[in-house]
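The values are calculated or read from the model by the stated rules, or taken from the named source; none is laboratory data. Keep in mind that what you see is a predicted model, and the values were worked out from it rather than measured. Cβ sites come from the backbone with ideal geometry, for glycine too, and all protein chains shown count toward neighbours. What goes into the accessible areas is simple: the full protein's heavy atoms, side chains included, and nothing from ligands, DNA or RNA. Shrake-Rupley method; radii C 1.70, N 1.55, O 1.52, S 1.80 Å.
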Amino acid sequence: MASPKMFDLSGEVAVVTGGNGGIGRGIAIGLAEAGAAVAILARNEEKNRAMVDELTKAGVPAIAVQLDVTRRDDLRPAMEAVERKLGPISILVNNAGIAIMRSTLKFRAEDWDRVIETNLNSCFFLSQIAAQAMVTRKRGKIINIASEYSRFGAQAGIPYAAAKGALVQTTKTMAIELAPHNIQVNAIVPGWIETDMTVGAQSGKMFEEIIMRTPAGRFGKPEEMAGAAIFLASHASDFVTGSTIFVDGGYAIR
Ligand code: NDP
């Protein structure tokens, strides 16, 4: 029988990239409420500080490390800083992401590289660093935040869709390799969620189209991503790996 204990994250240390806002914030708060200590890895110091203040005021052990995930040389020192302050990292949520929307004919090489580096490469390299330590401890949870565009084409978002599609494949492949070490690797596909990233789609024609297509008939809220993240971070999902959970109000089934 499932019990709340299966979802208890007491004693766990979770890293959430991009955890200072949007979906990352929703997930960070959820993991903290389930008992985990939380480290936020993101660039904006002010937002990082506000998030840590909010968590520590609620009694959660929390730190932020200022990090641009596209700077590969900074990834390992950031993860080491978390371990020094909070202890062994047992949960990694690769959430930091950007969207640059431009037509194929006009996409600039530097924008292509920035999206791929942020949304795909950083997820692999951070997962690699986390997994190297998790293997020695024989346990760990890696959660990648993908997108509906891992499955569908995206109007004017070629590298975004390419990165998210590859992230789902990375999830599956890494899951196979790490399963013998008791490390589970899974992905969450959010539907359309009310965050800074989707401000442009929260009104007008695009909004109407999204609402029409979403059986739930609305955008999701960042905190609604927390349930799947807690599940995938907890013992409740110890036999779940390589999977993708759609938290999208049914968008993908229509
Ligand atoms: P937001 O723009 O609201 O937040 C993005 C977060 O990522 C911020 O905390 C930002 O912090 C961080 N970030 C961006 N670039 C970097 C970087 N180079 N280094 C470190 N941190 C970075 O977006 P969402 O919350 O909407 O998106 C979160 C994830 O969810 C993304 O991967 C996105 O693709 C995915 N997603 C979102 C959907 C939605 O509808 N909102 C739908 C499907 C997927 P800072 O600027 O301080 O670095």
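Couple of notes before you dig in:
For every residue, the table says whether it meets (1) in contact with a helix residue (DSSP H, G or I) (Cβ under 8 Å, 6 or more places away or on another chain); (2) of a type in the set (Val, Ile, Thr); (3) within 24 Å of Ile27 (Cα to Cα).
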| site | (1), (2), (3) |
| --- | --- |
| Val185 | yes, yes, yes |
| Thr195 | yes, yes, yes |
| Gly200 | yes, no, yes |
| Met206 | yes, no, no |
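- Number of positions in the range 182-231 that are open to solvent by 30 Å² or more (accessible area, probe 1.4 Å), under 22 Å from the mean Cα position of the chain (by Cα) and away from the ligand (no atom under 16 Å from the Cβ): 3
- In the set (1) more than 12 Å from the ligand (Cβ to nearest atom); (2) among the hydroxyl-bearing types (Ser, Thr, Tyr); (3) in contact with a strand residue (DSSP E or B) (Cβ under 7 Å, 6 or more places away or on another chain), Thr173 fails one condition alone, (3).
Residues checked against (1) within 15 Å of the ligand (Cβ to nearest atom); (2) part of a loop (DSSP other than H, G, I, E, B); (3) crowded, with 16+ Cβ neighbours inside 10 Å:
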{"site": "Val38", "(1), (2), (3)": "yes, no, yes"}
{"site": "Leu41", "(1), (2), (3)": "yes, no, yes"}
{"site": "Glu46", "(1), (2), (3)": "yes, no, no"}
{"site": "Leu55", "(1), (2), (3)": "yes, no, yes"}
{"site": "Val65", "(1), (2), (3)": "yes, no, yes"}
{"site": "Glu80", "(1), (2), (3)": "no, no, no"}
{"site": "Lys85", "(1), (2), (3)": "no, no, no"}
{"site": "Ile89", "(1), (2), (3)": "no, yes, yes"}
{"site": "Ala96", "(1), (2), (3)": "yes, yes, yes"}
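- Scanning the range 45-104 for residues that are touching a Phe, Trp or Tyr at 6+ places or on another chain (Cβ under 9 Å) and closer than 19 Å to Val135 by Cα turns up Leu75, Arg76, Asn94.
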